[in-house]
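Student: Input: one structure, supplied below.
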Amino acid sequence: MHPVGSPPFTPALTFAIGDVHGCVDKLRSLLWKCESLAADAPARYVFVGDYIDRGPDTNETIQTIIDLQKKERAEVICLRGNHEQILLDCFTDGPEQLAYWALANGGAETLRSYGAESIHDIPETHLAWIRSLRFFYDDGKRYFVHAGVDPEVPLNQQSEHDQLWIREPFLLSDKILERFIVHGHTPQRSGLPELRPNRLNLDTAAVYGGKLTAAVFADKLLPVKFLTG
C-alpha cells in the first residue's frame, strides 16, 4: 500500500496476469515466480479481471490478491472482468440474472467456495473489493483492460460494456491504437498467450486446464518474457 504523499511508485517490472477464474493454486505458483524474478525491486501487478467463477477457489483467489495488495514493494492494480460484473448485476437485476450467473457462468462454483447458499452470504469485504475494481489501467505505453476496446473509438471514450465484453471487431482488427492493448476474456485453447502488433491476449484458459500466464514488462513496449503457473 502506498499512502498519499509518498514518492511516486516506480516499478522495475510490471506483471500483467490473465484470467484466474478461481484457480488459486496456479495463481500462487505464478505469484511466487513473479516475486522471485522481481527479487527486492518494486513491482507492479496488473490483473485483467475474471477472478471468480468456474474454478473451485474464488474465495481463496480474492483473498490471495487482497493479501498481495498489502505488500510494501508491490503496486497491485485489479481490473473488473465481465464475470465480476455479472455477479454485481445479480444484486439489482433479479432472479433471472442470478440464474444466468449460477447456471451458465460458473457462479455455483463461486458460492460453493464460500460455503454460501446465496450471494448475500458472500463476505462483504470481498463484495466491496469486487465493487472497487476499475475498468482499465493506462501506464502511458499500454492500456490494460479485460476484454478489449472498440478500435474505432478513442481510448478515452470507450464504453464500460465494450471493455468488459467485446470480442469483434476488436479481435480481428490490426489497427495500431493510441496504446498497446493488454487484455484477457477470450480463452486461448492453445494454452499460449496471443501476441500481435497491436495487442496481447493473456487468457490462456487456466480454468480449462491451461496455464495461468503473466507477461513481464520492463522499459520496452512489448513483454520481455512470459511466466506461467
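Student: If a residue has to be of a type in the set (S, T, N, Q) and free of Cβ contacts under 8 Å to residues at least 12 places away in the same chain to count, how many in the stretch 61-103 make the cut?
Tutor: Qualifying residue count for the region: 2.
Student: Would you be able to say whether some residue in the stretch 4-25 is in a helix (DSSP H, G or I), surrounded by 19 or more Cβ atoms within 10 Å (Cβ to Cβ) and in contact (Cβ under 8 Å) with a residue 40 or more places away in the chain?
Tutor: Yes: one or more hits.
Student: Looking only at the stretch 56-114, how many residues end up being assigned to a loop (DSSP other than H, G, I, E, B) and of a type in the set (D, E, K, R)?
Tutor: Going through the stretch 56-114 one residue at a time, the tally reaches 6.
Student: Another question, then. Within the stretch 34-43, is there a residue that is in contact with a strand residue (DSSP E or B) (Cβ under 8 Å, 6 or more places away or on another chain), touching a residue at least 60 places away in the same chain (Cβ under 8 Å) and either surrounded by 24 or more Cβ atoms within 10 Å (Cβ to Cβ) or not hydrophobic (A, V, I, L, M, F, W, C) (or both)?
Tutor: No, because not a single residue in the stretch 34-43 is in contact with a strand residue (DSSP E or B) (Cβ under 8 Å, 6 or more places away or on another chain), touching a residue at least 60 places away in the same chain (Cβ under 8 Å) and either surrounded by 24 or more Cβ atoms within 10 Å (Cβ to Cβ) or not hydrophobic (A, V, I, L, M, F, W, C) (or both).
Student: Checking the condition under 26 Å from residue 22 (Cβ atoms) and in contact with a Ser or Thr (Cβ under 8 Å, 6 or more places away or on another chain), which residue from 186, 204 passes?
Tutor: 204
Student: Considering each of 133, 171 in turn, give the residue that is among the aliphatic types (A, V, I, L, M), at pLDDT 95 or above and either under 21 Å from residue 43 (Cα atoms) or surrounded by 19 or more Cβ atoms within 10 Å (Cβ to Cβ) (or both).
Tutor: The unique qualifying residue is 133.
Student: Turning to a different aspect of this structure: Which of the strands (runs of 3 or more DSSP E) found entirely inside the stretch 120-229 contain at least 2 residues meeting this: touching a strand residue (DSSP E or B) at 6+ places or on another chain (Cβ under 7 Å) and among the small types (Gly, Ala, Ser)?
Tutor: Those strands (runs of 3 or more DSSP E) span 213-217.
Student: Does residue 31 satisfy the condition of being assigned to a helix (DSSP H, G or I) and crowded, with 22+ Cβ neighbours inside 10 Å?
Tutor: In short, yes.
Student: Counting only residues that are at pLDDT below 95 and closer than 19 Å to residue 49 by Cα, which one in the stretch 101-124 is surrounded by the fewest Cβ atoms within 10 Å (Cβ to Cβ)?
Tutor: Step by step, filter the stretch 101-124, then rank; the result is 104.
The values are calculated or read from the model by the stated rules, or taken from the named source; none is laboratory data. Note that the structure is predicted; figures quoted are calculated from it, not measured. Quick reminder, even Gly has a Cβ in these numbers, built from the backbone with ideal geometry, and neighbours come from all protein chains shown.
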